[in-house]
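Everything on this sheet refers to the single structure shown next.
Derivation of every value follows stated rules applied to the coordinates shown; laboratory data play no part. These numbers come from a predicted model, not from an experiment. Neighbour counts are summed over all protein chains in view; Cβ atoms, including those assigned to glycine, are modelled from backbone coordinates with ideal geometry.
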Amino acid sequence: MRDRRVLYAATFLRSLATGMVGVLVGIYLAKLGFDAAETGAVIGAGLGGAAVAALVVTVAGDRIRRRGALITLALLGAAGGMIVALASGVAVIAAAAFAGMLNGMGRDRGASLILDQAMLPATAADASRTTAFAWYNVFQDAGSALGGLLAATPVLLRSTLAVEEVPAFRLTLVGYACILVVTALVYANLSPAVEAPGATPLGARLAPQSRRILWKISSLFAVDSLAGGFLTTALLAFFFYERFGAGEAAVGLLFFGARIANAGSHLGAAWLAKRIGLVNTMVFTHIPSSLLLVTVPFAPNFPVAAALFLLREGLVEMDVPTRQSYVMAVVHPEERTFASGVTHLVRLGAAAVAPAFAGLLMRGLALGAPLLVGAGMKIGYDLLLFAAFRGHKPPEERGEE
């Protein structure tokens with residue numbers, strides 16, 4: 001339980017930082033004079049760095065000390081954030097975003113999550129595994145929600161301390177780096193019990209059935225994440241800023257509300273999954289959220305767009321704890337780090353591709369084009385997931401039959 005509390009505290013802090021930077025980075029880059037394509041390239045670089053870190057953790061996660069890896073990842077993120085806060089050139093900021101795994105998605109989906117997810121199932125029985133993941137995600141979204149509020153920090157600095165606009169953003173990003181340093185200190189309290197016992201490459205130990213399941217589900221997750229790359233928090237914040245003239249305070253408040261809606265939906269997902277199953281919960285809540293997203297670009301003003309967006313956020317994350325629980329349930333315990341790594345890696349890699357194209361669509365077609373493309377791809381993913389896995393049930397559902 002002590003290690004579980006450490007994991008919950010660390011994910012809260014990491015999500016606090018990620019939620020703040022996800023809202024601010026797109027507006028910050030716009031303040032520096034970056035256009036939509038350059039903004040998309042920087043965000044894509046950050047996600048690309050996260051994908052590389054995920055690859056390292058996936059390959060070596062059971063052969064290196066998890067505690068040390070988590071501390072290192074937090075400190076690298078802090079260093080990258082500090083450089084982004086102080087630099088001005090596109091190339092330098094993009095390189096720092098890559099090295100620091102700057103997460104413009106606004107949600108914690110990086111290499112640290114891979115290790116957290118592999119450790120968490122051992123703390124719960126099959127019947128309560130989804131609930132454990134639900135609470136983990138509640139802490140994530142609570143952090144992201146407060147991070148959205150912290151995105152108003154530049155406004156407070158300007159109004160209370162008379163700090164100029166760009167320096168106010170830079171100081172806020174320094175705060176982001178400091179939060180990640182604290183996250184590293186929290187991870188330092190993990191006990192030796194979290195370390196993996198094996199020392200051989202886990203991929204070689206995958207059972208044939210697990211390999212088939214992992215290949216199929218990872219391919220589908222790649223489609224979903226590619227769609228999500230068109231809908232990162234940074235690009236959505238950029239959309240609300242450009243389309244409706246919403247400033248960082250209004251956008252930060254919007255994403256605070258979104259994360260609160262996400263947090264409540266996680267507990268609802270655990271409740272629903274016990275009644276209709278993990279796969280059904282993933283699909284039957286995700287499709288309506290995508291249909292709501294389609295309506296946002298056609299909203300006449302910011303309040304209407306914000307209301308539609310918040311309705312969407314109340315459904316869109318219900319597949320997260322159910323998806324995580326499902327993947328950990330359908331592989332053997334000794335395969336969890338590799339399975340967690342592969343599924344997250346394909347998601348991060350696919351997400352890293354999309355933002356640059358989303359920026360080009362915004363510049364060359366319409367500001368709302370990425371929202372329509374992302375929503376359409378997500379609906380396709382849901383239908384394919386249901387067709388492929390509706391008959392493959394996790395242990396707790398097979399036991400009820």
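When each of Met377, Met20, Met362 is scored by the number of other beta-carbon atoms lying within 10 Å, the sequence from fewest to most is Met377, Met362, Met20.
Projecting the Cα atoms of Ala339, Ala350, Pro300 onto the charge dipole of the chain (Cβ charges, centred on the Cα centre) puts Ala339 farthest toward the positive pole.
Relative to the longest principal axis of the Cα atoms of the chain, the long axis of helix 36-60 makes an angle of roughly 30 degrees. Placing unit charges on the Cβ atoms only, positive for Lys and Arg and negative for Asp and Glu, gives the stretch 162-284 a dipole magnitude near 780 debye about its Cα centre. Note on the stretch 93-191: Rg/Rh from Cα positions, Kirkwood definition for Rh, rounded to two decimals, is 1.06.
Dipole magnitude for the chain: computed about the Cα centre from +1 point charges on Lys and Arg Cβ and -1 point charges on Asp and Glu Cβ, it is near 540 debye.
In plain terms, if you count all Cα to Cα distances in the stretch 358-401 and split them into 10 Å steps from zero, the share in each step is 24, 26, 21, 16, 10, 1 percent.
A simple charge model with +1 on the Cβ of Lys and Arg, -1 on the Cβ of Asp and Glu and nothing else charged puts the dipole of the stretch 293-401 at about 460 debye relative to its Cα centre.
By the beta-carbon count within 10 Å of each Cβ, the least crowded to most crowded order of Ser159, Ser225, fewest first, is Ser159, Ser225. Tell me the angle of helix 336-364 to the major Cα principal axis of the chain, expressed in degrees between 0 and 90 and rounded to the nearest ten. Long axis of 336-364 versus the principal axis of the chain: about 30 degrees.
Rounded to the nearest 500, the 222 nm mean residue ellipticity of the chain from helices alone is -26500 deg cm²/dmol, with -39,500 (n - 2.57) taken per DSSP H run of at least 4 residues. Centroid-to-centroid, using Cα positions, the stretch 99-161 and the stretch 323-367 are 16 Å apart. At 1.567 mPa s and 4 °C, plugging the Kirkwood radius over alpha-carbon pairs of the stretch 269-323 into Stokes-Einstein gives what diffusion coefficient in µm²/s? Translational diffusion coefficient: 111 µm²/s.
Charge tally around Asp224: other residues with Cβ under 14 Å, Lys/Arg +1 each, Asp/Glu -1 each, net +3.
Computed as a quarter of the hull surface, the mean projected area of the alpha carbon convex hull for the stretch 317-371 stands at 4.5 nm². Pairs of alpha carbons in the stretch 136-275 separated by more than 18 Å make up 74% of all such pairs. For Lys216, a cut-off of 27 angstrom between C-alpha atoms picks up these lysines, skipping any fewer than 8 places away in its own chain: Lys274, Lys378, Lys393.
Across the chain, C-alpha contacts under 8 Å between residues 6 or more apart give a mean separation that, scaled by the residue count, equals a relative contact order of 29 percent. Here's the picture: charge each Lys and Arg Cβ at +1 and each Asp and Glu Cβ at -1 in the chain, and of Ala122, Ala134, Leu253 the one pushed furthest to the positive end of that dipole is Ala122. Remark: the Cα gyration tensor places the stretch 12-111 in the prolate category, a/c being 1.5 or greater and a/b exceeding b/c.
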